[in-house]
Amino acid sequence: METQPVRCLILTCGNTLRGDDGVGPHLASWAGQQLGNVAGLRVVSRQQWTPELAEDLARAETAIFIDCSLALPAGTTILQQVAAAREATGAQTHQLDAGELLALAKSLYGSLPRETLLLTMGAGSVEIGEQFSAAVEAALPGAQALLEDTVERLAGKCRG
């Protein structure tokens, strides 16, 4: 169990062996190295979000989910508020999206972070391979800067 309060929880998902789907784990690794001095920051990277993460989420003051999407143009990065879904419908499959995981945290632990955001990057290819598409590769510095600014903003809002 964590002894230091989690002020900002970063939850990423993706498969590093599926091209652009690995952007979440890549950003998690980068955040762990570059933002490690931010008090109360915790970074968790998984291939998929599972119900076991609900407790960590319920205990965090703020949270940033990071994932890729084939619905966005490759390399497009968006940051938006994410709310709890009406119910965690994916719990039966052991795979949840951000809203479902928030709903599960609320249902099981009666608590949610006071601010939750979803950073999504458009994926160009999720074919087998460890290389990012050119569009995602070019967008990574901007996504890193956005993540850094967001973590610093959230950490500044947290009680100290």
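A compact table of results
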{"read-out": "Neighbourhood net charge (15 Å Cβ-Cβ; Lys/Arg +1, Asp/Glu -1) for residue 133", "value": "-4"}
{"read-out": "From the C-alpha gyration tensor of the chain, square roots of 5λ in Å", "value": "24, 19, 13"}
{"read-out": "Dipole magnitude of the stretch 8-80 about its Cα centre (Cβ charges: Lys, Arg +1; Asp, Glu -1), debye to nearest 20", "value": "100 debye"}
{"read-out": "Distance (nanometres) between label positions extended 7 Å along Cα→Cβ at residue 16 and residue 145", "value": "2.7 nm"}
{"read-out": "Furthest towards positive pole of dipole, 113, 76, 139, structure part the stretch 8-157, Cβ charges", "value": "113"}
{"read-out": "Placed amide H near residue 43: partners under 5 Å, 5+ positions off or other chain", "value": "10"}
{"read-out": "Theoretical gain in end-to-end length, residue 79 to residue 109 [0.36 nm per residue, Cα-Cα removed]", "value": "8.2 nm"}
{"read-out": "Contour minus Cα-Cα distance for residue 39 and residue 55 (0.36 nm per residue)", "value": "3.8 nm"}
{"read-out": "Debye, to nearest 20: dipole size of the chain, +1 on Lys, Arg Cβ, -1 on Asp, Glu Cβ", "value": "520 debye"}
{"read-out": "Folded to 0 to 90 degrees: helix 23-34 orientation relative to the chain principal axis, Cα", "value": "70 degrees"}
{"read-out": "The chain: angle of helix 98-109 to the longest principal axis, Cα-based, in degrees nearest 10", "value": "20 degrees"}
{"read-out": "Residue-wise HN-Hα coupling along the stretch 150-155, computed from phi with Karplus coefficients 6.51, -1.76, 1.60 (Hz; x: Gly, Pro)", "value": "5, 4, 5, 5, 5, 4"}
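Laboratory data are not the source of any read-out in this text; all were calculated from the coordinates shown. Source: prediction; values computed, not measured. Don't worry about glycine lacking a Cβ; one is built from the backbone with ideal geometry, like all the others, and counts go over all protein chains shown.
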